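Here is the structure we will look at.
The values are calculated or read from the model by the stated rules, or taken from the named source; none is laboratory data. None of the values given here were measured: they were computed from a predicted structure. Please note: Cβ atoms are built from the backbone with ideal geometry, for glycine as well, and neighbour counts cover all protein chains shown. Surface areas here come from the heavy atoms of the whole protein model, side chains and all, with no ligands, DNA or RNA. Shrake-Rupley method; radii C 1.70, N 1.55, O 1.52, S 1.80 Å.
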Amino acid sequence: MTSYLYLYTHSPLIARKSGISVNGHIDYVSCVFTVPHVQKVISRTFEALGSQVKAESLVLSLSSSPVFLWPNKGGHATAGEISPNRPCKDLQQLIHFPVPHMYFIDCLSCLQGIINLTLMTEVTEPGVLSAPTLLRGSKKHHLLQTTLPMDCVVSVLSSESISVVCGTLVGALCSQLSDMEKVALRHMKGTALLIPQPFHFLLPAPVGLVTVVYPAGVPDSQLETRRKELHSLFELPDDRPYLRRANALHFPDEPYKDGYLRNPHVHLNHPALENGKPYLVQGVYSYHHYMQDRVDDNGWGCAYRSLQTICSWFQQQGYVERAVPSHKEIQQALVEVGDKQGSFLGSRQWIGSIEVAAVLDQLLGVTSKIMFVSQGSELASKGRELANHFLSEGTPIMIGGGVLAHTILGVAWSETTGQIRYLILDPHYTGAEDLQVITEKGWCGWKGPEFWDQNAYYNLCLPQRPKTI
């Protein structure tokens, strides 16, 4: 099997030696200057930055190690045992990975396919000491100053030499600077400069990993024309988002800041069924369950939590930008659509699949199909419908029956035998965000048909993807 490494090069926004600064000084002529003149100065500044990236003073710091690389000196490194001709996978031997703790062992194996490098420049140059000469002039200037968040990723064979990889990285950095210049000039507002920000996307084969630069402060809704161009360039479908900011690749060593677990089901093994296949949720969701967000909803909020998980899916796939709704916002939406009376606000009343569909429509503009099952024993015969849903829509399903609600993340189904298993995300969990407990205790796990109350009726809410990019 061919082994690949992701080399992730970035420059933090702080610390002079770690960032790439853009300083454009524009002389006033009678206090008047034109936008074209400003653009020329910016272009010259980007050209100078490109020269810095190609200079021998460029340094790459290997994260979590004492190693420095000079990419424009043939991959010379401070570590004596690492020569430029060695395969780049040898760099991993110099990285001090943290000691794995419990369920982070899986994450550690992912990290070992990624090499993080920090972009730096040498600020001390050898030369003859001489007395400084100071010149003072009196002019008016218009100063444009910002720090570019350089953030570059390349995928290379782990056997590729360090010197070749360094050349690839420098080429990618130069290409990113060129893209940043285009975005900065295209989205200038007068003489105000919007910071160009790179985002990485892992697109379907054969495209793979790409980087797109967007201007900071410009919402996705105003970048649709650019996305259409990119969809055409990469031959992507025009009915679902791939290149919105929310679709950006999330690296394993970047923790989510909101505290919610993402996709706990990926740590599970698929059930073995004769001629069976798994049909799973597509994309990323957050696990919402009882007692989160300082809300004690134990015993009544399971459908609210399932709905929040569904909303998180639409948010993280880039369909909507609004935050996951709170219990209060869910109740308010149901009052606004006329489904509930005003007394419902602030109550602990249950909701079901019909209400979940109404809230999705009201708050997200998402339509849903409702599947009615007169008794739980009939769910075993719904394999084809559920499999088709996950193939075509790929959204989480909310199922409510009796006094319980759950989220279905997928099914394993055999078309020949009719055997079926359900991938269940249980909102009734009340503990901490402990992946090991959640997966080992079955709060996220595969269940058989006996999991359902055989005599209770069930309603399933199957959210549909909007047709948009």
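Remarks
- Residues that are part of a loop (DSSP other than H, G, I, E, B), in contact with a helix residue (DSSP H, G or I) (Cβ under 8 Å, 6 or more places away or on another chain), open to solvent by 30 Å² or more (accessible area, probe 1.4 Å) and at pLDDT below 85 are absent from region 25-46.
- For region 453-469, filtering for residues that are assigned to a loop (DSSP other than H, G, I, E, B), in contact with a strand residue (DSSP E or B) (Cβ under 7 Å, 6 or more places away or on another chain) and farther than 19 Å from Leu364 by Cβ leaves 3.
Rundown of residues vs (1) within 30 Å of Gly283 (Cα to Cα); (2) modelled with pLDDT of 90 or more; (3) open to solvent by less than 50 Å² (accessible area, probe 1.4 Å), yes/no style:
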site	(1), (2), (3)
Gly171	no, yes, yes
Cys174	no, yes, yes
Lys182	no, yes, no
Leu194	no, yes, yes
Gln197	yes, yes, no
Pro206	yes, yes, no
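- Candidates are the residues of region 321-352 that are closer than 18 Å to Ala405 by Cα and among the β-branched types (Val, Ile, Thr); the one that is most open to solvent (accessible area, probe 1.4 Å) is Ile351.
- Meets criteria (open to solvent by 50 Å² or more (accessible area, probe 1.4 Å) and either modelled with pLDDT of 95 or more or aliphatic (A, V, I, L, M) (or both)) for Leu233: yes
- Entirely in region 332-444, the strands (runs of 3 or more DSSP E) that have 2 or more residues that are of a type in the set (Val, Ile, Thr) and touching a residue at least 60 places away in the same chain (Cβ under 8 Å): 368-373, 397-401, 404-414
- For region 112-154, taking the residues that are over 34 Å from the mean Cα position of the chain (by Cα) and in contact (Cβ under 8 Å) with a residue 40 or more places away in the chain, the one that is surrounded by the most Cβ atoms within 10 Å (Cβ to Cβ) is identified as His142.
- Looking only at region 260-280, and only at residues there that are of a type in the set (A, V, I, L, M) and farther than 27 Å from Gln315 by Cα, the one that is most open to solvent (accessible area, probe 1.4 Å): Ala272
- Spans of strands (runs of 3 or more DSSP E) in region 121-223 with at least 3 residues farther than 28 Å from Leu69 by Cβ: 141-148
- Pick from region 71-87, criterion touching a strand residue (DSSP E or B) at 6+ places or on another chain (Cβ under 8 Å) and without any contact (Cβ under 8 Å) to a residue 24 or more places away in the chain, ranking: least open to solvent (accessible area, probe 1.4 Å): Thr78
- So Thr146, is it touching a Leu at 6+ places or on another chain (Cβ under 8 Å), modelled with pLDDT under 90 and closer than 26 Å to Val38 by Cα: yes
- Options Tyr304, Tyr242, Tyr260; residue that is part of a loop (DSSP other than H, G, I, E, B), modelled with pLDDT of 95 or more, in contact with a Pro (Cβ under 9 Å, 6 or more places away or on another chain) and among the hydroxyl-bearing types (Ser, Thr, Tyr): Tyr242
- Members of region 367-388 found to be surrounded by fewer than 21 Cβ atoms within 10 Å (Cβ to Cβ) and of a type in the set (A, V, I, L, M), listed by number: Ile370, Met371, Val373, Ala380, Ala387
- Extreme residue, most open to solvent (accessible area, probe 1.4 Å), among residues of region 281-311 that are of a type in the set (A, V, I, L, M) and under 18 Å from the mean Cα position of the chain (by Cα): Val284
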